[in-house]
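**Q** Below are the structure tokens for one structure; questions will follow.
Since every read-out is calculated from the coordinates, none of them should be taken as a lab result. What you see is a predicted model; the values in this text were computed from it and never measured. Reconstructed Cβ throughout: ideal geometry from the backbone, glycine too, with neighbour counts over all protein chains shown.
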Amino acid sequence: MKPRRTARFFLYAVLPVIAIVSFLVVYPTIRGVIMSFQNYNLYNLRNVHFVGLENYKAIFTDSRFYEDLWNTVLWIAGSVSLQFVLGFILALLMWKPFKGRGIYAGLVFYPWALSGFAIGLVWSWLMNGTFGVINDILLRFHIVKYPIHFLSDPKWAMWSVILINVWYGIPFFAIMILAALQSVPSSVVEAAMIDGASAARRLFQIVIPYIKPTLLSTLLLRVIWVMNFPDIIYGTTRGGPAGATETLSVYMINIVFYENDYSKAATVGVIILSILIAYAIIYMKTTSYEELEL
Amino acid sequence: MRRKWISLIRYLLLGVYLVFALFPLVWIFLTSIKSPMEVYSFPVKYLPSKPTFQNYQKLFSYAHFGKYFKNSLAVAGVSALASTIMASLAGYALARFKNRWVFPIVLLLFFVQMIPAYLIMIPQYVMFSKLGMLDKLISVMLIYSGIGSAFSTIMARGFIARIPIELEEAAMIDGCTRLCSLFRVTFPLVLPGLSAVFSFSFVNSWNEIFVASLFLNSDDKMTVPVALYSFISKAGVNWGFLSAGLVIALLPTIIVFAFAQRYIVEGLTKGAMKY
């Protein structure tokens, strides 16, 4: 085929995606960055002007930002580490085939397709402090004396939303790790078994190194994704009680829906995006590119 | 002996996890068919003594849940279809051509993954309000297909790259043009993959709440998540009623997932992430 016609085909094929992504994602992102240097309030649209770094100064001097940053760290570290460890264990348990494994996978992996917001609502009923079934079970087995207010007690709230996120996120890790495990050649594992290597040694010295690329890229993507995931918190606490579960992404949405201060919301958004880009760069630099399956 | 113990523990743990995974959904269904009295009893009454579907009836009569359901179906269906069509074309080009544009485009599509929907929804809101397109389903469809098409392209590209190019070349030698070989040879082969791309973006659009609740305000435009949100904002929560809404809201994605799980998993794990 003539090169010019080939080039034209390429152009026509990628153009729709490039056009819609530029118009609806890239352009708004640039607008958002510009907005973060402006005064842009919904109720005062006639008075939009540049204010330099004022918005950033206002946010960086507000203690709410640092509390939310800390909550974000807790939210990510708690959720991702537990999702990872438990998802890994589930994948190992499902590695060796058993009768009905396909059906089992369907029954335990489904949370992955659900709406995070709806899941938040489901669990806030389970965790309800007055009529919740979890409290009922804990009381029946005399594990607690009084019902726990999982979502309205600041001491418990963050751990409760993390638990929900763990329930939600285990399948994702299990799916990815199980697929990677199935690519580990069984001959290698069997050879080590014959040589008398213990189960722990087989796991840490053969299996984990073999699937390391999947583990690393899954972790990278998951951290980004969990940081951008206000849905569960919005379905349960909306950041409360008293800001105990307000992560940066929840903060931003609260600004949009309650304060109408668009430039402030955009500023928080730009800060989140900058943190994510910095994180991705550092992560890719410290783990060599060949190990990342991107 | 030791082997037997290990396998017993394994099945025990698998069983425990099964209960953990299924319990919330079973519980919300049980709540939805209880009478109001039984929903609010403590100690909890585990099984409804007289199962009733009155919550579901109320959902579709008093609240216009049928309407919200149709809106969600339209929004998710149209945007998934649009982004799958665009993604299969672009995915094909990015998988089959080797020129200096491929890498920057793929990189751009990856970068877009990092930008979450709610970060850009304010500028989008301003844009659409200037065009007079607020409170319209079509605006939400456009935004979902814009955000969805980036990841769909990455996924489609992974599936297409796995189809041997020789098949196309053979068809082209037999006198088929590129477009003809694309539709006659490549797309039929990659159809399971493309159905996974479609399901994935359908699920994502069905579940989205923040853009929808910012853009859609009038009652007859609401999607299912926005409606659920409005049920809790209005004077306290009626949990029996909300549970029925949740069951209806969660069902479609569970069904889609049941059908497409195998291919989605394949698409996410093999090649989709590879450059």
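**Q** Using bins 10 angstrom wide from zero, how does P(r) for the range B:12-150 break down, in % of all Cα pairs?
**A** Per 10 Å bin, starting at zero, the Cα-Cα P(r) for the range B:12-150 comes out as 9, 21, 22, 23, 18, 6, 1 percent.
**Q** Could you give me the percent of Cα pairs per 10 Å distance bin for the range B:113-158, shortest bin first, beginning at zero and ending with the bin that holds the maximum distance?
**A** Going from the shortest bin to the longest, the percentages are 25, 49, 22, 5.
**Q** Which pairs in the list A:Lys212/B:Lys4; A:Lys212/A:Lys285; B:Lys34/B:Lys58; A:Lys145/B:Lys50; A:Lys264/B:Lys130; A:Lys96/B:Lys4 are over 19 Å apart, alpha-carbon to alpha-carbon?
**A** With Cα atoms farther than 19 Å apart: A:Lys212/B:Lys4; A:Lys145/B:Lys50; A:Lys264/B:Lys130.
**Q** I've got another one for you. To the nearest 20 debye, what is the magnitude of the charge dipole of chain A about its Cα centre, counting +1 on the Cβ of each Lys and Arg and -1 on the Cβ of each Asp and Glu? Walk me through the intermediate numbers first.
**A** Details: 21 positive and 15 negative charges, 171 e Å.
Result for chain A is approximately 820 debye, rounded to the nearest 20.
**Q** Right, something else. In the range B:49-79, what chymotrypsin sites (Phe, Trp or Tyr not before Pro) fall in a loop by DSSP, with at most 10 other Cβ atoms inside 10 Å? Walk me through the numbers on the way to the answer.
**A** Working: sites: B:Phe53, B:Tyr56, B:Phe60, B:Tyr62, B:Phe65, B:Tyr68, B:Phe69; in loops: B:Phe53, B:Tyr62.
Qualifying residues, ordered by number: B:Tyr62.
**Q** Right, another one. Using 0.36 nm times the number of residues separating B:Ala74 and B:Val16, minus their current alpha carbon distance, what extension gain do you get?
**A** Difference between extended and current length: 17.0 nm.
**Q** Helix by helix through chain B, keep the DSSP H runs that span 24 Å or more along the axis on Cα and average at least -0.5 on Kyte-Doolittle, and give those back in order.
**A** Counting only whole DSSP H runs, the qualifying helices are B:2-32, B:65-96, B:137-161, B:187-207, B:239-269.
**Q** What does the charge count around B:Phe128 come to, taking other residues whose C-beta lies under 14 Å from its C-beta (Lys +1, Arg +1, Asp -1, Glu -1)?
**A** Values: positive: A:Arg31, B:Lys130, B:Lys136, B:Lys221; negative: B:Asp135.
With Lys, Arg at +1 and Asp, Glu at -1, the net is +3.
**Q** What would the Debye equation give as log₁₀ I(q)/I(0) for the range B:1-46 at q = 0.21, 0.27, 0.28, 0.33 Å⁻¹, counting only Cα atoms as equal point scatterers?
**A** At q = 0.21, 0.27, 0.28, 0.33 Å⁻¹ the computed log10 ratios are -0.73, -0.92, -0.94, -1.06.
**Q** Dividing the Cα convex hull volume of the protein assembly as shown by residue count, how many Å³ per residue is that? Don't skip to the end; give the middle numbers.
**A** Working: hull volume 107.0 nm³, N = 569.
In the protein assembly as shown, the Cα convex hull volume per residue is 188 Å³.
**Q** Which one, B:Ala80, A:Ile162, A:Trp123, projects farthest toward the positive side of the charge dipole computed for the protein assembly as shown from Cβ point charges (K/R +1, D/E -1)?
**A** B:Ala80
**Q** Principal axes first, then extents: for the Cα atoms of the range A:21-84, list largest minus smallest coordinate on each axis, whole Å, largest first.
**A** Projected onto its principal axes, the Cα set of the range A:21-84 covers 48, 35, 20 Å.
**Q** Further, regarding this structure: Compute the convex hull volume of the Cα atoms of the range A:61-291, divide it by the residue count, and report the result per residue in Å³ as a whole number.
**A** 164
**Q** To continue, here is another question. Can you pull the mean other chain C-beta count within 10 Å for peptide A:231-238?
**A** Details: counts 6, 0, 0, 5, 6, 0, 0, 1.
The shielding value for this peptide is 2.
**Q** Charges only on Cβ, +1 for Lys and Arg, -1 for Asp and Glu: so what's the dipole of the protein assembly as shown about the Cα centre, in debye to the nearest 20?
**A** Working: 45 positive and 25 negative charges, 213 e Å.
The calculation lands at about 1020 debye.
**Q** If the viscosity is 0.692 mPa s and the temperature 37 °C, what Stokes-Einstein diffusion coefficient in µm²/s follows for the range A:32-153 when Rh is the Kirkwood radius over Cα pairs?
**A** The calculation lands on 166 µm²/s.
**Q** Scattering from the C-alpha atoms of the range B:58-269 alone, worked out with Debye: what is log10 I(q)/I(0) at q = 0.07, 0.08, 0.14, 0.15 1/Å?
**A** Log10 I(q)/I(0), no solvent term: -0.27, -0.35, -0.89, -0.98.
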